[in-house]
Structures are given as structure tokens and as C-alpha cells.
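Report on the following structure.
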Ligand code: TYD
């Protein structure tokens, strides 16, 4: 059974670790899993990503930013995500269209209706079946990022605290508007507890047996 799961949240919410663990567990359950990220995930998308996140590109116009994120998204949807879902696989995607609504819409305060149109064009209307929002206070997340092992501080992270606070509130607003698709989880809880909550939700969606105890061992 195919399932398209996306992972959203403010900076430093620990999505990467959670996705890796969830992918490993799903593979143990016999699922065909594709774990990828946005922007990127394709040769074309990775080059677009480098342009988008380059800290030297301070002159980037908001419209350029939206279209570049959308270009990378169109590529990964057509080249990677749709074919994998068509084969009955599970796709785990680190950020997707909701990031554009949260960052460019709520963060940069650009028109949400326009962003939804551009996003629908880029994705051909593909929507996640399930979206986890790993929620945490923005100062905690940015401190985690700053302490991260050698990771470069990118162009989005250089934005003000007020910007990141709007992004976080934006996510919570999006989640409230579509409760069947979203699960908001407290990203300050221990890694294993967060992973157990995710596995339980995914197991229910895939009709697998939930094995929260196993979250301790991986
Ligand atoms: P990345 O290093 O992947 O951050 P994270 O680990 O937090 O996912 O950088 C992606 C950055 O791009 C992140 O700050 C969020 C931002 N972004 C947008 O502003 N709009 C988008 O549509 C997407 C996909 C990401």
C-alpha cells in the first residue's frame, strides 16, 4: 500500500534523525521506503538547493525564491515521488509544499492563495497522506542548529527570530485547518518517545502492528 508522509517544522526540530529511524523500521516491516528531502532529492533539485541556501545570495527576490523551491519540487514529484508511490512504496519526505506556505507565506508574509496555486502547479495536485509537524520553540530549535556538527548556517536560518516565530505559528495554523492529515508532535521530547509516537501513527495508517517498545532498541 502506498503512503506519502511529509515531515515539517521549524528549524532544529530533529526531522532528519526521526526520518532515518522511521525508514529503517519501515524497511524491517517489509515496506519499500524512499526517504528524501526538499529542496533537493534529484540532481536538478540539488543544484537548485545550492542556489537557494547560499548565504551570499542576499539579493534573492521573494518571487525567485518561491519559483526555485517550486522548480525543485516539480522535479522531485515527477521524477521520484510519483513513480515510487505508483509502485506501492512508502515515501518519507523531509519538507514539502507546506514549507512554502509556512516560510514564504507566513514567514515572508506573501499571498497564501497565490502560493497555493503555484504549489499546485508544481506538484500536479499531489498531497501528502500524512504530515508530521515536529513543533518546538524557535529559540530552542535555532540553538540546536547553531550547536550542530559543522552544519553551515544557511540563508533561511539567517532570518530574524520574528520570522521564525511566524513560521512556527503558520505551521500550527495549517495543522489546525486540516486535522485529518496533520499530526503535531512535541519535538522537545526524547528522540525515542517521538519516534514511538510516529511509528504508532504510521502503523495505524499502514495496518501494521504498532510496536512502540521496539523504538527503544534502534
Ligand atoms: P535545510 O538545511 O534542509 O533545513 P532543515 O534541516 O530545517 O529542513 O534547509 C531548508 C531550508 O529551506 C529551511 O530553512 C526551510 C526552507 N524552505 C523554505 O523556505 N521553503 C520551502 O518550500 C522549503 C521546501 C524549504
task = Working from Cα positions, state the angle (0 to 90°, nearest 10) between the long axis of helix 138-147 and the longest principal axis of the chain.
result = 90
ask   = For the pair residue 144 and residue 58, what calculated FRET efficiency results from E = 1/(1 + (r/R0)^6), where r is the Cβ-Cβ distance and R0 = 22 Å, to the nearest 0.05?
value = 0.35
task = Report P(r) for segment 3-206: all Cα-Cα distances, bin width 5 Å, range 0 to the bin holding the largest distance, values in whole percent.
result = 1, 7, 15, 21, 22, 18, 11, 4, 1, 0
message = On C-alpha positions alone, give me the angle between the axis of helix 62-76 and the longest principal axis of the chain, in degrees, nearest 10.
response = 30
request  = Specify the residue with the greatest mean-square fluctuation among 135, 98, 111, computed from a Gaussian network of the chain linking alpha-carbon atoms under 10 Å apart.
outcome  = 111
inquiry  = Relative contact order for the chain: what percent, with Cα pairs under 8 Å and sequence separation of 6 or more?
reply    = 30
task = Show that you can apply the helix-only estimate: for the chain, add -39,500 (n - 2.57) for every DSSP H stretch of four or more residues, divide by all residues, and state [θ] at 222 nm to the nearest 500.
result = -14500 deg cm²/dmol
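Would you please classify the overall shape of segment 112-195 from the alpha carbon gyration tensor, given that a ≥ b ≥ c denote the square roots of the eigenvalues, rounded means a/c under 1.5, and beyond that prolate means a/b larger than b/c while oblate covers the rest?
oblate
Every number here is computed from the coordinates shown, using simple stated rules; none is lab data. A quick note: this is a predicted structure, and the numbers were derived from the prediction, not measured. Cβ sites come from the backbone with ideal geometry, for glycine too, and all protein chains shown count toward neighbours.
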